[in-house]
Amino acid sequence: MIEKVDLILAPTDFSPYSCEVFAWAGFFAKKFNAKILLLHVMSEATAEKVTSIPGNPWERVMEQEDKDMMDQFHLCLASDFDTTIDIETLVAVGTPHSKIIEVAEERNASMIVMGTHGRTGIPHAVMGSVAEKVVQLAPCPVFSVKPTKAGTG
């Protein structure tokens, strides 16, 4: 039985589908008076690539990623956004499904709200989806958001 929903983990890959995920995360946060943790997982290769640019240390990359997550969240929910929702951002490096699960465990997330589609383009038959792996291994309930907008599925 669910006692309380305190923290909603909302992973994002900045794909066009993220707005629908943010809308659901915002809905649940308002409903349960919960905090939202926006998470972006960067591959090790991407992290190395962006930090290899002169004058672009990891701290600057993290600041920019944090800003991008907040900007996208606010832009997606511009008309619906409730300024009382407590939002935190986190950038992690690693394999997306593993990091999502790790963060959910470490932060004791009450639920994960994530999309069923992303921007990886890797065939599902070969790798399986990130969402599917998270659903199977997560320490908490996972609310999966299937894109509903025309042309997004």
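Of note:
- Residues that are surrounded by 11 or more Cβ atoms within 10 Å (Cβ to Cβ), of a type in the set (S, T, N, Q) and at pLDDT 50 or above within the range 114-153 comprise 116, 129, 136, 144, listed in sequence order.
- Residue satisfying all of: in the range 10-42; hydroxyl-bearing (Ser, Thr, Tyr) and in contact with a helix residue (DSSP H, G or I) (Cβ under 8 Å, 6 or more places away or on another chain); nearest to residue 104 (Cα to Cα) among these: 12
- Scanning the range 42-79 for residues that are farther than 15 Å from residue 94 by Cα and either touching a residue at least 60 places away in the same chain (Cβ under 8 Å) or aromatic (Phe, Trp, Tyr) (or both) returns 72, 73.
- So residue 112, is it of a type in the set (Val, Ile, Thr), touching a helix residue (DSSP H, G or I) at 6+ places or on another chain (Cβ under 7 Å) and outside any strand (DSSP E or B): no
- Those residues of the range 18-41 which are of a type outside the set (S, T, N, Q), touching a residue at least 60 places away in the same chain (Cβ under 8 Å) and within 20 Å of residue 147 (Cα to Cα), in sequence order: 20, 21, 24, 25, 28, 39
The values are calculated or read from the model by the stated rules, or taken from the named source; none is laboratory data. Predicted model only: the values in this text are computed from it and were never measured. A quick note on method: Cβ atoms are made from the backbone with ideal geometry, for glycine too, and the neighbour counts reach across all protein chains shown.
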